[in-house]
1. Pairs, please: C-beta under 8 Å, at least 6 apart or cross-chain, first residue hydroxyl-bearing (Ser, Thr, Tyr) and in region 245-259, second at pLDDT 85 or above?
2. I'd like to know if region 23-31 contains one or more residues that are among the polar types (S, T, N, Q), modelled with pLDDT of 65 or more, surrounded by fewer than 23 Cβ atoms within 10 Å (Cβ to Cβ) and within 25 Å of HIS64 (Cβ to Cβ).
3. When the residues of region 62-101 are filtered to those that are part of a strand (DSSP E or B) and more than 16 Å from ALA124 (Cβ to Cβ), which remaining residue is farthest from the chain's Cα centre (by Cα)?
4. On the basis of being more than 13 Å from HIS211 (Cβ to Cβ) and either crowded, with 18+ Cβ neighbours inside 10 Å or at pLDDT below 95 (or both), does VAL293 make the cut?
5. Tell me yes or no: at least one residue of region 109-117 is within 17 Å of ALA27 (Cβ to Cβ), without any contact (Cβ under 8 Å) to a residue 60 or more places away in the chain and assigned by TED's automatic domain parsing to the domain that holds LYS129.
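The values are calculated or read from the model by the stated rules, or taken from the named source; none is laboratory data. Everything numeric here is computed off the predicted structure, so don't read it as measured data. Cβ coordinates were reconstructed from backbone atoms using ideal geometry, including for glycine residues, and neighbour counts include every protein chain displayed.
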Amino acid sequence: MAKITGETRLENVLVYMANMGRELIVADRCTVWLIDEAKQEVYTTVAHGVREIRIPAGTGLVGHAIASGEPIIIEDAYLDPRHNPDNDRKTGYVSKSIITIPFRNNDGTVIGAYQAINKMTETAKFTSKDMELLSLAASYAGKSLESVMLHQEIVDTQREIIATMGEIGEMRSKETGNHVKRVAEYSYVLALALGLSPKEAELLRTVSPMHDIGKVGIPDAVLNKPGKLTDEEYEIIKSHTRIGRQLLKGSRRELLRAASIVAEQHHEKWDGGGYPNGLKGEEIHVYGRITAVADVFDALSAERVYKAAWPLERIERLFREERGKHFDPAVVDAFFAKLPQLLDIRERLTDKG
């Protein structure tokens, strides 16, 4: 149970819950069911031995248990008219003894159910003691699950806001939303190639669409000028990095803190010649160094108001020349190592004419 309270990732909590239930009452399988209010269904989030199962709300043993809020224990599923044998027929599995326990949130509302199948003892029957144990586990786990689900909802909302704001930034400069999507995917691949953890790589993929959010503060006449910029206009363009940081700084949320780093540092250069702060080498956060390569690769690959798309050979030549100058050598090496994968992403997320 300690694993459940210490975990913030929903999928991990659900796995821990299923494993705990199975071991606690010596069942062959344990399933965690949740309610999909929008579709009026209940569905398995974790089910030992099978893929996701969905059934209409109020049907099957689990549907009845959730609807009534009362546990159900039976010795032979096929003698109970509430049992739905469809999934057994699909999988070849034979359900016999079943125990189903609804679990509730802190307000006492039923939010799902445990379902343990086939008691793995000589009697092959669940007992009132099993019901008591699983009910205690359900009571404990349900409240922990609610906290994690609320945390996940907050994270998902932040991600949606970040993705939308990133696209708004690109729309200001008449780019497509696919630019930020490609940069996000490139950044994820490069982060993994550099040895960042999957969690950090996913974090960078989520926040990298915000790299140019500061463009919302740049006048259209400068942002979309088709000709060469004056020195004064270039300084205005460069200010989008500081504007981006100003928009995002100060948050205690991990996602927004990371987005602030990317927005401010993606134009810094390895040799110290970048902006806005002239950071050098590893003074530049790895998120900024990765996004710099991802952003430049996509910018050069795409046709923009001020230039034609570059051929791949010319892009490769530039990255070789700028290795250790504009770009972190390790990120450039990762770029070449993963170039086929990056090209696949570019093709998949191409801008439609």
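1. Listed pairs, sorted by first residue: SER251/ARG257; SER251/SER260.
2. Looking through region 23-31, none of the residues is among the polar types (S, T, N, Q), modelled with pLDDT of 65 or more, surrounded by fewer than 23 Cβ atoms within 10 Å (Cβ to Cβ) and within 25 Å of HIS64 (Cβ to Cβ).
3. ILE72
4. no
5. The answer is no; no qualifying residue exists.
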